[in-house]
Structure formats: structure tokens, C-alpha cells
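Student: Let me give you the structure first, and then I'll get to my questions.
What follows draws every value from the coordinates through simple rules; no lab data is involved. From a predicted model like this one, the values you see are computed outputs, not experimental measurements. Counting neighbours? That spans all protein chains shown, and the Cβs are built from the backbone with ideal geometry, glycine included.
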């Protein structure tokens, strides 16, 4: 695939993925406002956008998705870089502008991303031992644990009922 087309497909993937989440947020708002048919429409179109994103991703997947060892290493480096380099800047800028809620969500994400990097490192052990572990994801801040669900999230303090198990 030629470079311009590959870049365009990747950009289209990003746009469709963003539209998917944006439309789900619109659907949630429509539900809150008790407009169920519009909420349903937003969810249906969100699903269509997911289909588009998946189609685009499949065209460039061979460029983005490698063998598991490479994918783990790349994911580890990305999470580490984001938590150590990107989020501190975002937090500072939000704090400088007095945006406390934004600074808090960036802080939650930074802390969760740092822990994600540790989980990627530990994943090699599980691959070698041929073990499978369930993970539990805080639905408030994104913290992930492979151990039992804590009484409260160590990042944001959310109660255990805010965790979703991924098996």
C-alpha cells in the first residue's frame, strides 16, 4: 500500500474510532433527557462507525500489529512514555488554567497508565508459565489489577463495585 493511502486509512480509522465514542456519549445524554429513539439512533450509528473503524484498521493492521512479544514491548514503552512524559504536561497545563477536574482525570490516567506498564512487564511471566489471569478494570479511572478486586481503587478511591472483570 502506498504511503499516502496508508496514512489516509490510519487517519480515517482514528476519526471513526473517535466518532464511535462521541456517539455513545450522545446516546447517553439522549437517554438522560428521556429521548430513547434518538439514543437508539446514536447507538446504531456508533455501531456503524465501529464497523468502519474496524474495516480501516484491518487494512493497516499488518503495519500496526506485530508478534505478541513486539506488541507487549511496544505497549510497555508507550504506556511508560505517556505516564512519564505526556500526562505530567497535561496536568500542569490544566492546573495552570485552574481546571481542577481536568487535572484530576489526567492524574488518574497517568497513574493508571504507569500501572498498565507494570502489567505489560509482568505479562511476559504469564506467557512463559502459560498462565491465564483475569483482570479487573476500574470504570472510574482505568486502573487495572490482575489480583483480586481491591476494596477501593488505589488510584481514585472508587469502591470495588466500580470494577469490571475482563476474562
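Student: Counting just the residues of segment 89-131 that are touching a helix residue (DSSP H, G or I) at 6+ places or on another chain (Cβ under 7 Å) and without any contact (Cβ under 8 Å) to a residue 24 or more places away in the chain, which one comes out farthest from residue 167 (Cα to Cα)?
Tutor: 95
Student: Taking the residues in segment 152-166 that are within 17 Å of the chain's Cα centre (by Cα) and part of a loop (DSSP other than H, G, I, E, B) as candidates, determine which candidate is farthest from residue 122 (Cα to Cα). Write out each step before concluding.
Tutor: Of the residues in segment 152-166, the ones within 17 Å of the chain's Cα centre (by Cα) are 155-156, 162-166.
Among the residues that remain, those that are also part of a loop (DSSP other than H, G, I, E, B) are: 155-156.
Values: 155: 19, 156: 23 Å.
Here the residue is 156.
Student: Only residues that are touching a residue at least 40 places away in the same chain (Cβ under 8 Å), surrounded by 13 or more Cβ atoms within 10 Å (Cβ to Cβ) and farther than 10 Å from residue 16 by Cβ: list them for segment 28-67, please.
Tutor: 59, 60
Student: Among the candidates 85, 7, which residue alone is more than 26 Å from residue 144 (Cα to Cα), exposed (fewer than 15 other Cβ atoms within 10 Å of the Cβ) and free of Cβ contacts under 8 Å to residues at least 24 places away in the same chain?
Tutor: Going through 85, 7 in turn, the sole match is 7.
Student: I've got another one for you. Out of the residues in segment 10-25 meeting the condition of being buried (at least 16 other Cβ atoms within 10 Å of the Cβ) and under 14 Å from the mean Cα position of the chain (by Cα), tell me which one is farthest from residue 54 (Cα to Cα).
Tutor: 20
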